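Visitor: Sharing a structure, written as structure tokens. Questions coming.
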Amino acid sequence: SRWEEEKKEDGVKWMQLEHRGPYFVPPYEPLPEDVRFYYDGKPLKLSLATEEIATFYAKMLDHEYVTKEIFQNNFFHDWRKEMTSEEQEIIKDLDKCDFREIHKYFVDKNEARKALSKEEKQKLKEEADKIQEEYGYCILDGHREKIGNFKTEPPGLFRGRGEHPKMGMLKKRIMPEDVIINCSRDSKIPEPPEGHKWKEVRFDNTVTWLASWTENIQKTLKYIMLNPSSRLKGEKDWQKYEVARRLKDVVHEIRAQYRKDWKSKEIKERQRAVALYFIDKLALRAGNEKEEGETADTVGCCSLRVEHIQLHPQLDGQEHVVEFDFLGKDSIRYYNKVSVEKLVFKNLQLFMKNKEPTDDLFDQLTTAFLNKHLQHLMDGLTAKVFRTYNASITLQEQLKALTNPEDNVAGKLLSYNRANRAVAILCNHQRSIPKTFAKSMQSLQQKIDAKKKEVEEAQEEVKKAEEEYEDTKDAKAEANVVKKKKLLKRLEEQLAKLNIQATDREENKQIALGTSKLNYLDPRISVAWCKKFGIPIEKIYNKTQREKFAWAIDMAGEDFEF
């Protein structure tokens, strides 16, 4: 199998890597003369760089972001930095800027693109395929492998997730001079675009990226990587779940150990043991992974502050309740009330004693110290592995508990989504209610109502046919009863399917199932479930996901146990 080709020495990821480098976003095309920007009611001709940034804002006029003050302030600050001195003299107030004509131009352009004929759309697709063919593949150890994201990100305004403090800042255009290329020494080194040069060319076969650059807002490194369906990525994924499966064999000892450490003489050990309990029981992220001075005030378990938890000896009929309220990764709020063990509660009281709200709860603990301890307990174990382990085990247990072998495919899929939902709730994977939610629920309800009517009519028809058969007792009337009953059964199944869909959508509106499905759940659990209950795999994974998890589809039989 291509997942199990000959192993290389430790740390070496490939012997040969050849590619074309990234595909750069085409240069900015100026607006037509009759599309104008207005300042204080008067048209104002902008310099090219200023105009381009104005189009970023104009495109977003109907978006909720532009109503946010922080977005407006960040945008205006960054925009003014790029203006000519003459423009800076004139444009001093965002409220006096009128982007509506530019906005309309892009809306119309979008509509025109949607209205293209089939032939014109086909022509555009062929052009995109040509670029994909040229830039979207590399040669890795003799195999032609697909590259994931081979295009640089276009310039625009940073959005961020949640209430990100940097939203609205200018994401600059990536130039060849920003890009580090990685390939093998003996390969044909990619040519930079004419008149440009690369920042650097490296020959590092201990990493799997093909090109990288630093983006200007968060100062984080961005990479061009192999497509998830490539062998290297598949192997890495497989190994991740194998480490989590190994945890299963030692997790009982680890739990016994941290329980013992709640009584340790060392406060540092007690803090580590309580934090590990949270990471294990609540699937919290470890925290502390951020660089110094990095943007949003988000925390994880090790970086919790006193203000992020409240202790209730009793609450809602439960004892020893900890109330969590903090912003986690991507500024997503984590809010939870959990009844904990008495010793954990007492330790938390101790950790909070004589501290200010802004003091660290675990002041003697760092993620590094925690992970070093975990490494002693099991090779390759980090706090993150607990999240993968608990997510996968939860899915497997929930599928066993919820799946009814007698259900039809729609019923079984509802059970699958409910199991997936239990994991998403554990991992706090939320999303805002989709804008189209109310509308799509309304149209689904209309379909349900119409189908109910059809069922009622079919029930009447069956009744009529049965009465006719009672009167005549002839074969034709009997065949008619069978036919009408068949139709009724089909309509009832369709109605049941629609009702299941409505339940599923309602339960799912604020929960993001995709994150855990792609990153935390061993795909072999889902593949085995599909094979066991005769569910087509495409009902669970779309085409891209089936490519990403090809290794699991190859490997897992219906009796796979995580």
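Visitor: So how much slack lies between Leu518 and Gln314, counting 0.36 nm per residue of separation and subtracting their Cα-Cα distance, in nm?
Guide: Going from the current span to full extension adds 69.6 nm.
Visitor: Okay, next question. Could you check the simple spin-label distance between Met441 and Asp379, using points 7 Å along Cα→Cβ, in nm with one decimal?
Guide: 5.2
Visitor: A further question follows. Pull up the cross-link candidates among the aspartates and glutamates for Lys451, meaning alpha carbon to alpha carbon under 14 Å and not fewer than 8 places away within one chain.
Guide: Leaving aside aspartates and glutamates fewer than 8 places away in the same chain, those within reach of Lys451 are Glu492, Glu493.
Visitor: Another question, then. Given an 8 Å cut-off on Cα distances and at least 6 residues of separation, report the relative contact order of the chain as a percent.
Guide: Relative contact order here is 12 percent.
Visitor: If contacts are Cα pairs under 8 angstrom and at least 6 residues apart, what is the relative contact order of the stretch 391-555 in percent?
Guide: About 33 percent, as a whole number.
Visitor: Just want to confirm a number: the relative contact order over the stretch 1-118, from Cα pairs under 8 angstrom separated by 6+ residues, in percent.
Guide: Reported as a whole number, the value is 32 percent.
Visitor: Using a 1.4 angstrom probe on the protein heavy atoms only, line up Val482, Val251, Val243 by accessible area, largest first.
Guide: Greatest to least solvent exposure: Val482, Val243, Val251.
Visitor: Taking +1 at the Cβ of each Lys and Arg and -1 at the Cβ of each Asp and Glu, which of Leu381, Phe437, Gly11 sits farthest along the dipole of the chain towards its positive end, judged by Cα position relative to the Cα centre?
Guide: Of the candidates, Leu381 comes out farthest on the positive side.
Visitor: Further, regarding this structure: For a label point 7 angstrom out from the Cα of Lys372 toward its Cβ, which stretches of the stretch 244-279 have the backbone nitrogen within less than 13 Å?
Guide: 269
Visitor: Give the long-range amide H neighbours of Leu327: residues separated by 5 or more places, or on another chain, with amide H under 5 Å away, using H modelled in the peptide plane at 1.01 Å from N.
Guide: Under 5 Å from the amide H of Leu327 lie the amide H atoms of Val299, Tyr334, each far enough along the sequence or on another chain.
Visitor: Could you give the length gained by full extension between Leu44 and Lys96, i.e. 0.36 nm per residue of separation minus their alpha carbon distance, to one decimal place?
Guide: 17.5 nm
Visitor: Among the aspartates and glutamates, which fall within straight-line cross-link reach of Lys197, defined as a Cα-Cα distance under 14 Å, with same-chain neighbours fewer than 8 residues apart omitted?
Guide: Candidates past the 8-residue exclusion: Glu177, Asp178.
Visitor: Could you tell me which of Trp262, Val306, Ala283 has its Cα farthest along the dipole of the stretch 233-381 towards the positive end, charges placed at Cβ (Lys, Arg +1; Asp, Glu -1), taken about the Cα centre?
Guide: Highest projection toward the positive end goes to Trp262.
Visitor: On to the next question. Assuming R0 = 45 Å, what is the FRET efficiency of Asn499 and His63, from their Cβ-Cβ distance, to the nearest 0.05?
Guide: The pair Asn499/His63 has a calculated efficiency of 0.85.
Visitor: If I take R0 = 56 Å and measure r between the Cβ atoms of Glu356 and Lys473 in this structure, what FRET efficiency does the formula 1/(1 + (r/R0)^6) give, to the nearest 0.05?
Guide: Result of the calculation: an efficiency of 0.05.
Visitor: With each label point set 7 Å from Cα along the Cα-Cβ vector, what nm distance links Glu253 and Lys485?
Guide: A separation of 6.3 nm, rounded to one decimal place.
Visitor: Using heavy-atom solvent-accessible surface (probe 1.4 Å) with all chains present, what is the largest-first order of Arg245, Arg259?
Guide: Arg259, Arg245
Visitor: Could I ask something else about it? Might you work out the accessible area of Ser47 for me, using a 1.4 Å probe with all protein chains in place, and round it to the nearest 10 Å²?
Guide: Rounded to the nearest 10, that gives 40 Å².
Visitor: Additional query: Run through the stretch 291-399 and list the GluC sites (Glu not before Pro) located in a DSSP loop whose Cβ has at most 16 other Cβ atoms within 10 Å.
Guide: Glu291, Glu292, Glu294, Glu341
Visitor: Follow-up. Can you find, among Gly136, Thr515, Cys183, the residue sitting farthest towards the positive end of the charge dipole of the chain, where Lys and Arg contribute +1 and Asp and Glu -1 at Cβ?
Guide: Thr515
Visitor: Now for a separate question. Work out from phi, with θ = phi - 60° and the Karplus expression 6.51 cos²θ - 1.76 cosθ + 1.60, the ³J(HN,Hα) of each residue of the stretch 210-221, listed in order in whole Hz, and give x for Gly and Pro.
Guide: 9, 7, 8, 8, 9, 7, 7, 8, 8, 6, 8, 7
Visitor: Name the trypsin sites (Lys or Arg not before Pro) in the stretch 330-429 that are in a loop by DSSP and that have at most 16 other C-beta atoms within 10 Å, would you?
Guide: Loop-located and lightly packed - Lys353, Lys355.
Visitor: Separation between the Lys166 and Asp129 pseudo-spin-labels, each 7 Å from Cα along Cα→Cβ, expressed in nm?
Guide: The modelled label-to-label distance comes out at 3.9 nm.
Visitor: If the chain between Glu558 and Lys463 were fully stretched, how many nm would it gain, using 0.36 nm times the residue separation less the Cα-Cα distance?
Guide: 29.8 nm
Visitor: Sorted by accessible area with a 1.4 angstrom probe, largest first, how do Ile525, Ile553, Ile70 fall?
Guide: Ile70, Ile553, Ile525
Visitor: Let me ask something else. Do any trypsin sites (Lys or Arg not before Pro) in the stretch 493-562 lie in a DSSP loop with no more than 15 other beta carbon atoms within 10 Å, and if so, which?
Guide: For trypsin sites (Lys or Arg not before Pro) across the stretch 493-562 that sit outside H, G, I, E and B with at most 15 neighbouring Cβ atoms in 10 Å, the list reads Lys509.
Visitor: Compute, for Val338, the solvent-accessible surface of its heavy atoms (probe 1.4 Å) with the complete set of protein chains present, and express it in square angstrom to the nearest 10.
Guide: 20
Visitor: While we're looking at this one, here's another question. Starting at the first residue of the stretch 38-47, write each ³J(HN,Hα) from the Karplus equation 6.51 cos²θ - 1.76 cosθ + 1.60 with θ = phi - 60°, in whole Hz, x for Gly and Pro.
Guide: 10, 10, 6, x, 10, x, 9, 7, 9, 5
Visitor: Determine the dipole magnitude for the chain: charges of +1 sit on the beta-carbon of Lys and Arg, -1 on that of Asp and Glu, nothing else is charged, the reference point is the Cα centre, and the result goes in debye to the nearest 20.
Guide: Charge dipole of the chain: 1020 debye, to the nearest 20.
Visitor: Tell me the accessible surface of Thr436 in square angstrom (1.4 angstrom probe, heavy atoms of protein chains only), to the nearest ten.
Guide: Using a 1.4 Å probe on the heavy atoms, I get roughly 90 Å².
Visitor: While we're here: Quick one: which residues, 5 or more positions from Ser187 or on another chain, have an amide H under 5 Å from its amide H? H modelled 1.01 Å from N in the peptide plane, none for Pro or chain starts.
Guide: Correct list: empty.
The values are calculated or read from the model by the stated rules, or taken from the named source; none is laboratory data. All values reported here derive from a predicted model rather than from experimental measurement. Neighbour counts are summed over all protein chains in view; Cβ atoms, including those assigned to glycine, are modelled from backbone coordinates with ideal geometry. Only protein heavy atoms, including side chains, enter the accessible area calculation; ligands, DNA and RNA are left aside. Shrake-Rupley method; radii C 1.70, N 1.55, O 1.52, S 1.80 Å.
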